[in-house]
């Protein structure tokens, strides 16, 4: 046996231009917030990265009023073609600072640099680029001859794709003529504030985009602010329900992108090696911190043994560790809190009698890490088959017929995504028709594109992001 | 269809059944899981982003050098050309004696005696192409004679080509028999079976041809002759590495893979080694189980090796051109 | 005036293609706008809501799985049958809404035309809302609108037929099934509509109509975990926010109540069709 240890290949953290402190972005200026500053932590080392000012209720009010002014006086009146050019600028400037943003994202979030570099940052740029072009073409969106903006959008985003989620929220809002107050997640505020810097450098009129870091309280303050016309939230179903409840009766337009428990369904005629890749990508991409993660693997019984053998061999090759190392496949869990939730659910899986297999990969001594875990012999009744774990933990169930696969896949209150693996085209389309999921990936998984609408059925939320369908969320139609 | 002389012995029943007759063989090959082009290309591209630095890079370079089948397969080949190639094979970098020799020298059958002479006293293998290389368009007796000529002259490895025409028209039994026959004609020599993946076009075909060759007794499966474009590619090599890995799971036997053609620079070679490491497994990271069919790659490996050790870039005038 | 005593109609619920009385055994008197007694209507209970949701859920598979062409045919057939009952509807509207005969006639005409308009959308809405997504990679990606599922509809309180048709037809045109709480005080045209539906080709359970107290029934619909969406158009103003909050329990799609009942004579747009569809995006690689 030959051993070939890859030498560490870390991206330099200097590239991130990390500053000791970050301030919120309000009405075109970086200002101190009235809230208690928070400390953003590198989840891979548990060291404090920077201090970040947070918004007090009065700051939320100022930001919403600034956004209102900007919408009334400048942005809402500006010809679409002019708005478009501002948004194109943002897209380009994100691309120009791609490396810096990627390193900063990996530091703050814990995701592997390979993903922040190859997925998060380029897709964020692409999202602005795509939506920029819509700004002067909204009449062609099929939503009426002269669709109007809603006004001020209050947006709250999660920690799993900090920059990308900011792009998903801000780009369509701006293209449709709205102004924005956005609250990044408490544990991952840094890249959104660099995006604010880009927005400032792109010379967007003051107040068009405001970014207010803080904890859940700031988000609540924002979505409940009387002058907010539109609320967009990505995060847990639990919080989504609270928000839906709190905006009830206010007339605010609401879109929610919430949790999921996606079934990834593998038939015995699947391209098995690619299915294995798709399963790995589906659950271990971004440490499984993905709302559309393929967290329930449904395998046809006739191929279950062979597939699981291949899967374990493949999962064992995943390199877990330093997010900045270019060879890391699975990085750090974003927070201690999330780590605890994952380990609790893993214990529940063991207690409920599922068979646990854990990758023999070495883990770093410090930081928040979980080795890729695969539970087999899982039944629908187990918590690990029903609850969103949001971590690198896969639950494997089996089925015998396509009908049983559909029944099991749909047996959840969620409905965000699903995967199908089979070489039989007609079966793919038959399955796709019946899966209660907003995104169905057939013989692939976790593909995202600004032109392709994304969003859930049922308790995975409502409204779409991306494509023509995504514009509806930000227009008064 | 005749049974292969070596491979069928000790095969698990589902594999020995596969070669019972033409129908079984077809059913088996078409029953292999499909290969999704986009998926395998995406995986290959993803793995190609591995960053191999410092000691791990040096190890990779030396390992890659030791895996090179240093090749000349030109109409213009002469004794002189082969001799100088052999000199290069023995001591790839004359100023750096610690550089390992290459795995083999690969030539046409008529030049095998020259290579044997030039490599006497070394462990370097002498590979000969055969079976009417590169097209394979001749009769079986000619292909057998071609092989016997090479082996009799001292070739320790035979790089045969499959009959792609027969394969593409679905005459799998014919391809199987031919490989098995050449297997016998090769005697003790190691048999590398060239699939010419550029002519097979689809990954499904590459997977089927790989299994066909393994069932018929190949020691190695090899991508290409180097005379057809595309020659070796990373995703094709992924599919072939998956095949030998699955063969190992099924039989316990470790067969080898040889991408050939188009691999010219160290960066590419390292990408192949990463694929070997992570798709097949560490036990394939040896010249016994993985080879590069290449000529100009060697000099780039040597230059990169110097750059690693000397701390500055090297140039083509500092390595020998053969 | 004939000497003959007319046979008075018993107005019942319409659930799962059948006409049950309320399981509660309750009924309530329905009057015209001048206060004259017209009929007793069944007063549905929460258990009737439950039964109606069960019937609607059961019908989802068949109705959403039918071809759009077939749904169009079935819905168009309903318009044909409505035309046959034109006089009856006009009389009921005149009584229920207190309008003159001519106005009632034109309302019925508008309702029939509205039904035809939505019937024609069944096989066009996917073209208008769907897309082939030009993604940056070797994939075919397409998006199609799909029915949300079971939709609870609080029908307009004022416009007893045209308003009802305007909220119901778009729900079922896209393949949803509906549990409708009719106008509380003007339920008779809705019951007559259910008689039309029962004799049409609309499968039982696709439309379920409950008469009764909107304020009593609506909270059960809004909180029912097997209801996917709710149209609050006919909700009592004082209840609208509470109902919306109840909908949050299972993240239902909500079409909100407007401050005043819309003018149903206006030409509609597709916003009601858009309200109860889900966009499904499907990806597949392109390779040899």
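The values are calculated or read from the model by the stated rules, or taken from the named source; none is laboratory data. Remember, predicted model here, so these are calculated numbers, not experimental data. Because the Cβ atoms are built from the backbone with ideal geometry, glycine has one as well, and the counts that use them run over all protein chains shown.
Take the stretch B:28-40 and flag every residue that is in a helix (DSSP H, G or I) and either at positive phi or more than 8 Å from every other protein chain (Cβ to nearest Cβ) (or both).
Start the filter on the stretch B:28-40 by keeping residues that are in a helix (DSSP H, G or I), which leaves B:28-31, B:37-40.
If the condition is that a residue be in a helix (DSSP H, G or I) and either at positive phi or more than 8 Å from every other protein chain (Cβ to nearest Cβ) (or both), then B:28, B:29, B:30, B:31 are the ones that fit.
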Going residue by residue through the stretch B:151-162, is there one that turns out to be part of a helix (DSSP H, G or I) and closer than 23 Å to residue B:288 by Cα?
yes
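Only one of these is surrounded by 24 or more Cβ atoms within 10 Å (Cβ to Cβ) and either closer than 18 Å to residue C:144 by Cβ or at pLDDT 95 or above (or both): A:425, A:415. Name it.
On the way: A:425 fails: surrounded by 24 or more Cβ atoms within 10 Å (Cβ to Cβ).
Going through A:425, A:415 in turn, just one is surrounded by 24 or more Cβ atoms within 10 Å (Cβ to Cβ) and either closer than 18 Å to residue C:144 by Cβ or at pLDDT 95 or above (or both): A:415.
So which of A:313, A:346 is over 30 Å from residue B:242 (Cα atoms) and not assigned by TED's automatic domain parsing to the domain that holds residue A:43? Please lay out each step first, then the result.
Details: A:313 fails: over 30 Å from residue B:242 (Cα atoms).
The unique qualifying residue is A:346.
Condition check: under 24 Å from residue C:59 (Cα atoms), surrounded by fewer than 18 Cβ atoms within 10 Å (Cβ to Cβ), touching a helix residue (DSSP H, G or I) at 6+ places or on another chain (Cβ under 7 Å) and away from chain A (no Cβ under 14 Å). Does residue C:182 satisfy that? Don't jump to the end; show me each part of the working.
Values: under 24 Å from residue C:59 (Cα atoms): yes; surrounded by fewer than 18 Cβ atoms within 10 Å (Cβ to Cβ): no; touching a helix residue (DSSP H, G or I) at 6+ places or on another chain (Cβ under 7 Å): yes; away from chain A (no Cβ under 14 Å): yes.
No, not satisfied.
Yes/no per residue for (1) touching a residue at least 40 places away in the same chain (Cβ under 8 Å); (2) surrounded by fewer than 20 Cβ atoms within 10 Å (Cβ to Cβ); (3) away from chain A (no Cβ under 14 Å); (4) in contact with a strand residue (DSSP E or B) (Cβ under 7 Å, 6 or more places away or on another chain):
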site: B:49; (1), (2), (3), (4): no, yes, no, no
site: B:52; (1), (2), (3), (4): yes, no, no, no
site: B:89; (1), (2), (3), (4): no, no, yes, yes
site: B:98; (1), (2), (3), (4): no, yes, yes, no
What is the number of the single condition among (1) out of contact with any strand residue (DSSP E or B) (no Cβ under 6 Å at 6 or more places or on another chain); (2) over 27 Å from residue B:123 (Cβ atoms); (3) part of a helix (DSSP H, G or I) that residue B:210 does not meet?
(1)
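Inside the stretch A:420-436, can you point out the residues that are within 14 Å of chain B (Cβ to nearest Cβ) and in a helix (DSSP H, G or I)? Step through it out loud before you land on a result.
Within the stretch A:420-436, the first condition is being within 14 Å of chain B (Cβ to nearest Cβ), and the residues that meet it are A:420-425, A:427-428.
Passing the criteria: A:425, A:427, A:428.
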Restricting to the stretch A:96-113, name every residue that is in a helix (DSSP H, G or I) and buried (at least 24 other Cβ atoms within 10 Å of the Cβ).
A:101, A:102, A:103, A:104, A:105, A:106, A:107, A:108, A:109, A:113
Suppose the filter is within 23 Å of residue C:228 (Cα to Cα), in contact with a helix residue (DSSP H, G or I) (Cβ under 7 Å, 6 or more places away or on another chain) and either more than 7 Å from every other protein chain (Cβ to nearest Cβ) or in contact (Cβ under 8 Å) with a residue 12 or more places away in the chain (or both); does residue A:439 pass it?
no
Quick count over the stretch C:240-288, residues being free of Cβ contacts under 8 Å to residues at least 12 places away in the same chain and crowded, with 23+ Cβ neighbours inside 10 Å, is 1
Check A:211, A:198 and return the single one that is away from chain C (no Cβ under 14 Å) and crowded, with 24+ Cβ neighbours inside 10 Å.
A:211
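Given the options C:57, C:46, C:21, name the one that is touching a residue at least 24 places away in the same chain (Cβ under 8 Å) and in contact with a strand residue (DSSP E or B) (Cβ under 6 Å, 6 or more places away or on another chain).
Values: C:46 fails: in contact with a strand residue (DSSP E or B) (Cβ under 6 Å, 6 or more places away or on another chain); C:21 fails: touching a residue at least 24 places away in the same chain (Cβ under 8 Å).
Answer to the check: C:57.
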Going by the conditions given, is residue B:232 crowded, with 24+ Cβ neighbours inside 10 Å and in a loop (DSSP other than H, G, I, E, B)?
yes
Expected single match for in contact with a strand residue (DSSP E or B) (Cβ under 7 Å, 6 or more places away or on another chain), away from every other protein chain (no Cβ under 12 Å) and within 30 Å of residue A:145 (Cβ to Cβ) among C:233, C:281, C:211, C:260 is C:233
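Across the stretch A:10-33, what is the total count of residues that are in a loop (DSSP other than H, G, I, E, B), away from chain B (no Cβ under 14 Å) and either surrounded by 16 or more Cβ atoms within 10 Å (Cβ to Cβ) or in contact (Cβ under 8 Å) with a residue 60 or more places away in the chain (or both)? Explain how you work it out, then say what you get.
Taking the stretch A:10-33 first, the residues in a loop (DSSP other than H, G, I, E, B) are A:11-12, A:17-20, A:23, A:27-28, A:32-33.
This time we only want the ones that are away from chain B (no Cβ under 14 Å), so: A:17-20, A:23, A:27-28, A:32-33.
Filter again for either surrounded by 16 or more Cβ atoms within 10 Å (Cβ to Cβ) or in contact (Cβ under 8 Å) with a residue 60 or more places away in the chain (or both), leaving A:17-18, A:23, A:27-28, A:33.
Residues meeting the conditions: 6.
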Considering only the stretch C:116-136, state which residues are in a loop (DSSP other than H, G, I, E, B) and at the interface with chain A (Cβ under 7 Å from one of its Cβ atoms).
C:134, C:135, C:136
Residue satisfying condition, being modelled with pLDDT of 95 or more and either at the interface with chain A (Cβ under 10 Å from one of its Cβ atoms) or over 23 Å from residue B:183 (Cβ atoms) (or both), within set B:230, B:287, B:259:
B:230
Give the number of residues within the stretch A:451-463 that are touching a residue at least 40 places away in the same chain (Cβ under 8 Å) and either assigned to a helix (DSSP H, G or I) or under 23 Å from residue A:279 (Cα atoms) (or both).
7
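What about residue A:378, is it crowded, with 21+ Cβ neighbours inside 10 Å, in a strand (DSSP E or B) and in contact with a helix residue (DSSP H, G or I) (Cβ under 8 Å, 6 or more places away or on another chain)? Working first, answer last.
Numbers: crowded, with 21+ Cβ neighbours inside 10 Å: yes; in a strand (DSSP E or B): no; in contact with a helix residue (DSSP H, G or I) (Cβ under 8 Å, 6 or more places away or on another chain): yes.
No; evaluated as a whole, the condition is false for this residue.
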Please go through (1) more than 14 Å from chain B (Cβ to nearest Cβ); (2) touching a helix residue (DSSP H, G or I) at 6+ places or on another chain (Cβ under 6 Å) for residue A:7 and return the number of the only condition it doesn't satisfy.
(1)
Single residue of A:469, A:452, A:409 found to be crowded, with 24+ Cβ neighbours inside 10 Å and either away from chain C (no Cβ under 11 Å) or farther than 30 Å from residue A:175 by Cβ (or both):
A:409
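For the stretch A:248-255, does any single residue satisfy the condition of being within 13 Å of chain C (Cβ to nearest Cβ), closer than 15 Å to residue A:183 by Cα and either modelled with pLDDT of 95 or more or over 17 Å from the mean Cα position of the chain (by Cα) (or both)? Steps first, answer last, please.
Of the residues in the stretch A:248-255, the ones within 13 Å of chain C (Cβ to nearest Cβ) are A:248-255.
The next check asks that each one be closer than 15 Å to residue A:183 by Cα; those that pass are none.
No - not one qualifying residue is present in the stretch A:248-255.
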